[in-house]
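The structure under discussion appears below in the form of structure tokens.
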Amino acid sequence: MSRAAGDFDASRYFRGAGDLGFYNVGTREMRTLAKAIHAEHRDAWTLDDAISFADGLIEDRHLEAKSVGIEVLARYRRDFGPNLLPIWHRWLAENHSANWATTDAICGALIGPLILAHPELGARLRVWSRHRNMWVRRASIVGLIPRARRGESLDLVYEIAKRLHSDREDLIQKAVGWALREAGKTDPARLEHYLRTNGPAIPRTTLRYAIERFPETKRKALLTGTRS
């Protein structure tokens, strides 16, 4: 399924990827494969079987293998329960998702849907935001994006964003800006007030991501008005 050499190089999107490997298979193809695996086994597999499958693939060094495991497990989201959150925390904390794409896939396909169904679990992400592992910290805010898009859990989104403003990792600040931008879709006035109130403490990377949806004149005003 790999693309021809020189036709596509996924590694160019990952800085400092360490031992992360790439088959150079596109996202559409990976999702098609996951759909086929699920279709073949859905009459026999339970949620526990899907978890075991994903748990094995998440440890594979190849980005695409990790992604297929996540995609298959995501097809069992109706059966997700709070007991799964510690499993996904382990994947993050043990560096099985030590890249932005796998971390965001876990958040978007697994953690986000779980917290949509069980909003009370969102409070656990406060602890994640202080974790020593960068990928756990990134997940603490990206995992809330599905709720932020609905205008839900905004108090928690802003609280965790504020906790993360002092984080020195660029990938954390980009994620915080992304979450703030999503929170601002349903309540742009609240986002603008937050940015103006906390402006000097907010890294410029975060700010630039957060204001992407504002008109150009508003973006310029916020960039100028929030300088320390």
request  = Evaluate the distance, in nm, between pseudo-label points positioned 7 Å from the Cα of Ser52 and of Thr217 along their respective Cα→Cβ axes.
outcome  = 6.3 nm
query = Among 65-73, 138-146, how do they line up from the highest to the lowest mean number of other beta-carbon atoms within 10 Å?
reply = 138-146, 65-73
ask   = Which distance in Å, rounded to a whole number, links the C-alpha centroids of the stretch 156-228 and the stretch 70-97?
value = 29 Å
task = Return a single number: how many Lys pairs in the chain, at a sequence separation of 8 or more or on separate chains, have alpha-carbon atoms below 25 angstrom apart.
result = 11
inquiry  = Just want to confirm a number: the relative contact order over the stretch 66-178, from Cα pairs under 8 angstrom separated by 6+ residues, in percent.
reply    = 24 percent
key: Residues of the chain: accessible area per residue with a 1.4 Å probe, Å²   = 51 Å²
inquiry  = Rounded to the nearest 20 debye, what is the charge dipole size of the chain about its Cα centre when +1 sits on each Lys and Arg Cβ and -1 on each Asp and Glu Cβ?
reply    = 1240 debye
ask   = Can you pull the percent of the chain's accessible area that's carbon plus sulfur, 1.4 Å probe, other chains left in place?
value = 48 percent
ask   = Roughly speaking, what is the stretch gain from Arg42 to Arg126, that is 0.36 nm per residue apart minus the C-alpha to C-alpha distance, in nm to one decimal?
value = 26.7 nm
inquiry  = Let me see the P(r) profile for the chain: every Cα-Cα distance counted, bins of 10 Å, each bin given as a percent of all pairs.
reply    = 8, 31, 32, 21, 7, 1
ask   = With every protein chain left in place, what is the accessible area of Met30 in Å² (1.4 Å probe, nearest 10)?
value = 20 Å²
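The values are calculated or read from the model by the stated rules, or taken from the named source; none is laboratory data. Not measured: the values here are computed from a predicted model. Please note: Cβ atoms are built from the backbone with ideal geometry, for glycine as well, and neighbour counts cover all protein chains shown. Side chains included, ligands, DNA and RNA excluded: accessible areas come from the protein's heavy atoms. Shrake-Rupley method; radii C 1.70, N 1.55, O 1.52, S 1.80 Å.
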